[in-house]
Amino acid sequence: MTTRPLVEKFFFFFYSLALLMVLAGAGTYFYLSKDLPQLPDNLESINLSLPTEIYSSDGERIQILGERRPVSIEDISPYFLKAIIAVEDSHFYDHHGLDHLGLVRAFYANLRAKRVIQGGSTITQQLSKNLFFSFERNFVRKIKELLIALQLEATFSKDQILEAYSNQIYFGSGAYGVEEAAQVYFGKRAEDLTLLQAALLAGLPNSPNSANPFSNLERAMNRASYVLKRMVREGIITEAERQEALVSPLDLLKPKTNSNPNFYFLNVIIDKLEQDYGKEFVHFGGLKIYTTLDNRYQSLAQKAARSHLEALAERMDKMPGQDPLQAALVAVENKSGAVRAMLGGRDYSFSQFNRAMSNNRLPGSSFKPIVYLTAMETLGYSPATKVTDEPFTIEIQGNDPWEPKNFGEVYEGDIILKKALMKSINVVSAKLVQQMGPEQVIKTARRFGIKSHLGKHFSLALGTSGVSPMEMASAYSVIANLGIYNEPYFIEKIEDFHGNRLYEHYYQGIQRFPQKLIYPLLDMMQGVVDGGTGYGVRRMGFTHPAAGKTGTTNDFKDAWFNGFTKDLTVSVWVGYDNNESMLDRSNKGMTGGRAAVPIWVFFMQQALQGKTKVKFPVPTGIKFETVDVRTGYLANEFSLETIPVAVKEELDLNPPPEVPESEEDDFSQKAFSPGFFPEPEHQ
């Protein structure tokens, strides 16, 4: 009597739960379907979706993303169609857009690996992603993609879906769609692919960069072998056919060389956009991306680097088989932070490694302005402060003592800070860091926008922690801006294919340092250019007001010049990728003045051609005085060497009044006579 009511209650609960789930699913569908994109009448319109266009700051289109050459399914090799189904969606012809077994299998595999190693998306689901040109990357979007996949399956045939998918997917090396991929990798039509070639292409969409045959043929062939095994497992080919395919010729083409210097810049912005918004949106959204790149500046950067590196090569003591000398250049607009030029190497076709963004090279003495500013801010020093340049040792607990050496081991004795920076004296910089501590210098560097790891050691004074040319250009622009920091940026605005503004850069500088603090440093760095280690700038005929600092690391492995005018800051690095020393045939090392300054001058002369020479503005509260280089006091008729300095108005540069010898003697006698010091008062 009691069993039947329990069974009835169970079935009632079960059917009620099922009904609620159906109603919830229907409600979810109707709620989300309002925002779903409209399915096209045919899938060719997906294949022909608008490509993304990238423009320079002067309005020239410099790159197109997502261009395709769609072909009909009859013009695609059956080998490829079978291979892509075997590896991406083996139940493609059996499901209706969702592969339940595939999802369970992927979930189990990911659970065992404790990371995502396998996806459960069907070919139809992957195709549906390309209908979503939005910033959404969340669970709701995944549900919408599934709903679209179900609609695609209900509207179009399997062959139509497979054809559209084959024309959509990315195969690396800029190839979208199987026809483009066949041309790029094998120089043939998609219909003519061999079994091995088809298997290799079918393995690329899963990892188009890491398994790219141009850059990693072994990994690409391992992936192709996996695809062939899947085809055997699915009964598409025989084991004998697999074995025969593996020993057949691949006939892979050599990659096309592209020496376009814009690609260093373009790769940076494309990688960043893909991280933020996803590859599908960036490549297939029909976007218009307006960048900060100045085409003329970029061309000048490449021309300057190539011409000087070729001239250096004729004088260098080059070892057999050694890679060529490399260079990097970054130009930043001071008032905004816009990156106007970025050269990551001498030739993009030779090496795609972007040295302009890499922080694996040491800045050497070009880091010293940060040290000097820290001393001026924390110790109250000025350009006229006297320091002593002499051999000295820093004791380091738990390590060997450090004895910084000057270039040529020449020491100046007493000298003021401005002259020490102009001559790039190592001992002075090391003494400053010893007084302040490296931690204080690192804090200052962070305010300059340097984000790379900086070691907390005294040798930081000589630039022994890696930074990038991008960081150095950004940091020096703060000095040119009288203390205002602008974050470097690459993109001005992004518009969708309707012309709607999706993104626009708004810049607002941050005053990181007081003008009265930063201008004396700027004046010191003008001294570097006008009469110091950067004098090559003037010797080569550059006459615009300018400031900067050279940098040369131990054994001449890195050569730098970072300099600026009122409007533009440019950082130049030169060196070998393998960290070899740069020596000429006379065994003389290449300094920043010899290797980097000429590139900077050539670029700046051309970039500023016809432009007015603009002086750096002098903030209120600054005065100019001529001082004795050895004492730091106001120059007089007895001064052997003098130099103008910019200092705060309240700074007194007069020497202390001299005390006559007779008064000194009288003072010494009184000081030790009874009654000279008053008796203390008793409370």
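Just so you know, all these numbers are worked out from the coordinates, no wet-lab data involved. These numbers come from a predicted model, not from an experiment. Heads up, the Cβs are rebuilt from the backbone with ideal geometry, glycines too, and the neighbour counts pull from every protein chain shown.
Among rounded, prolate and oblate, which fits segment 524-569 when a ≥ b ≥ c are the square roots of the eigenvalues of its C-alpha gyration tensor, a/c under 1.5 means rounded, and a/b larger than b/c means prolate? Prolate shape, in that a/c is at least 1.5 and a/b is the bigger ratio.
What is the distance in Å between the Cα centroid of segment 63-77 and that of segment 290-316? Between the Cα centres of segment 63-77 and segment 290-316 lies a distance of 36 Å. Treating r as the C-beta distance of residue 251 and residue 210 and R0 as 30 Å, the FRET efficiency rounds to 0.85. Note on residue 392/residue 158: beta-carbon distance plugged into 1/(1 + (r/R0)^6) with R0 of 60 Å gives a FRET efficiency of 0.15. Close Lys pairs in segment 391-464, defined as Cα atoms under 17 Å apart and 8 or more places apart or on different chains, number 8. Once the chain from residue 258 to residue 218 is taken as fully extended at 0.36 nm per residue, the excess over their C-alpha distance is 12.1 nm. Answer rounded, prolate or oblate for segment 572-623, using the Cα gyration tensor with square roots of eigenvalues a ≥ b ≥ c: rounded when a/c is under 1.5, else prolate when a/b is larger than b/c, else oblate. In terms of gyration-tensor shape, prolate.
Tell me whether segment 120-257 comes out rounded, prolate or oblate; compute the Cα gyration tensor, take square roots of the eigenvalues as a ≥ b ≥ c, and use a/c under 1.5 as the rounded threshold. Prolate, since a/c reaches 1.5 and a/b exceeds b/c. Look at 560, 600, 402 and count the other Cβ atoms within 10 Å of each Cβ; fewest to most, that gives 402, 600, 560. Counting other Cβ atoms within 10 Å as a rough exposure proxy, the listed residues 250, 379, 273 run 379, 250, 273 from fewest neighbours to most. Between segment 639-660 and segment 360-437, the alpha-carbon centres lie 22 Å apart.
Computed extension length for residue 335-residue 94: 80.7 nm, one decimal, from 0.36 nm per residue of separation with the Cα-Cα distance subtracted.
Within straight cross-link reach of residue 288, meaning Cα distance under 30 Å, which lysines are found once same-chain residues fewer than 8 apart are removed? Within the straight-line cut-off, residue 288 pairs with 34, 129, 142, 144, 256, 272, 279, 303, 335, 493. Taking label positions 7 Å along the Cα-Cβ direction at both residue 313 and residue 72, the computed distance is 5.1 nm, reported to one decimal.
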